[in-house]
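The values are calculated or read from the model by the stated rules, or taken from the named source; none is laboratory data. Nothing here was measured: the structure is a model prediction, and the numbers come from that model. Cβ: placed from backbone, ideal geometry, glycine included. Neighbour counts: every protein chain shown.
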Amino acid sequence: MSGLVLRLAGPLQSWGERSAFLLDRDTAPFPTRSAMIGMFAAAEGVPRHDTAALERYEDLEFTVRVDRPGTRLVDYHTAGGGKPRDETAATSGGSNKGAAVITHRHYLTDAVFVVAVTGPDTTTDHIAQALHQPHWAPYLGRRSCVPDEPLLLRTRADDPAAELLHHVPLSPDPARPAPHDGTVPIAFLRERPPLSAQDEADVVTVQDVPRSFDPHGRRHDRRRLHRTVEHLPARLAASPHALHDRLIDYATKETAA
């Protein structure tokens, strides 16, 4: 098995975890498994009602590196106001609301995550091809959240999780502590206990394993995540003016042995 390395960055991201169709629409502080699989399925052209197609993603394992956690933003959002009743938003019963729909939508601003995706070569190869030529464009949790480039940093990486530890350039973060002893502390989220974490992992439970994306029957199961702080080489930290060149260099060249 090998895998992919993706960089999720942009002005806005929103990784809804518990609040589909509610008036207060939250965001998790990191990319959810549901959102990542939804991105891959959309790129491959899988319809939302094709629940059986989700089985192809069950063997994927995700490791998330938090380069920059971002700042939470809440948007006061309205839709459908100032129109005749029959032109306002529809209700689940088939009528119309007759007034504007008001929601509070949560976003992460200026966040950066690097994600290692490990799985069978046939699966990750199809995902990589789809991300290069997507059926439906990828987005960072919501359609309004457009990803920066480069999105796909590496395909067929022998050990994608190790790439996050040793090779992928770190995006700058003004809030990050200065390097100490040649290392910088970076948060990670893993689906299995790390073997070499310097600090003991915190275990968190999230309900983001997609079983159906059907709008009339969304279903998600729980999974456990292991959150650690890893001390990465300070040489990975890129300055703002050099970051893009370093990312392009990493994406286009094989990592030195």
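Within segment 71-82, residues that are within 16 Å of S144 (Cα to Cα) reach partners that are not hydrophobic (A, V, I, L, M, F, W, C) with beta carbons closer than 6 Å, at six or more positions or on different chains, in the pairs L73/Y107; L73/T109; V74/H104; V74/H106; D75/R105; H77/T103; H77/R105. The set of residues in segment 189-223 that are within 21 Å of R56 (Cα to Cα) and free of Cβ contacts under 8 Å to residues at least 24 places away in the same chain comprises G217, R219, D221, R222. Can you confirm whether T51 is hydroxyl-bearing (S, T, Y), in contact (Cβ under 8 Å) with a residue 12 or more places away in the chain and within 30 Å of P233 (Cα to Cα)? Judged against the criteria, T51 is not a match.
Let's see how each residue does on (1) out of contact with any strand residue (DSSP E or B) (no Cβ under 8 Å at 6 or more places or on another chain); (2) among the hydroxyl-bearing types (S, T, Y); (3) modelled with pLDDT of 95 or more:
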position	(1), (2), (3)
A52	yes, no, no
L60	no, no, yes
R65	no, no, yes
R68	no, no, yes
T71	no, yes, yes
V74	no, no, no
A79	no, no, no
K83	yes, no, no
T91	yes, yes, no
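List the number of the failed condition for P177; all other conditions in (1) surrounded by 12 or more Cβ atoms within 10 Å (Cβ to Cβ); (2) over 30 Å from E58 (Cβ atoms) hold. It is condition (1) that P177 fails.
For segment 37-46, indicate whether the set of residues that are surrounded by 12 or more Cβ atoms within 10 Å (Cβ to Cβ) and either among the polar types (S, T, N, Q) or over 20 Å from the mean Cα position of the chain (by Cα) (or both) is non-empty.
So in segment 37-46, the residues surrounded by 12 or more Cβ atoms within 10 Å (Cβ to Cβ) come out as 37-46.
Filter once more, so that each one left must be either among the polar types (S, T, N, Q) or over 20 Å from the mean Cα position of the chain (by Cα) (or both): none.
Taking every residue of segment 37-46 in turn, none turns out to be surrounded by 12 or more Cβ atoms within 10 Å (Cβ to Cβ) and either among the polar types (S, T, N, Q) or over 20 Å from the mean Cα position of the chain (by Cα) (or both).
In segment 104-204, counting only strands (runs of 3 or more DSSP E) that sit wholly within it, the ones holding 2 or more residues that are within 17 Å of the chain's Cα centre (by Cα), farther than 15 Å from E230 by Cβ and not aromatic (F, W, Y) span 112-119, 152-157.
Out of A197, A187, A201, which single residue is within 19 Å of A28 (Cβ to Cβ), surrounded by 11 or more Cβ atoms within 10 Å (Cβ to Cβ) and modelled with pLDDT under 90?
On the way: A197 fails: within 19 Å of A28 (Cβ to Cβ); A187 fails: modelled with pLDDT under 90.
Step by step, each of A197, A187, A201 is checked, and only A201 is within 19 Å of A28 (Cβ to Cβ), surrounded by 11 or more Cβ atoms within 10 Å (Cβ to Cβ) and modelled with pLDDT under 90.
Restricting segment 1-21 to residues that are in contact (Cβ under 8 Å) with a residue 60 or more places away in the chain and assigned to a loop (DSSP other than H, G, I, E, B) leaves a set whose member that is farthest from the chain's Cα centre (by Cα) is M1.
Can you spot a residue in segment 45-53 that is under 20 Å from L108 (Cα atoms) and outside any loop (DSSP other than H, G, I, E, B)?
Of the residues in segment 45-53, the ones under 20 Å from L108 (Cα atoms) are none.
Within segment 45-53, none of the residues are under 20 Å from L108 (Cα atoms) and outside any loop (DSSP other than H, G, I, E, B).
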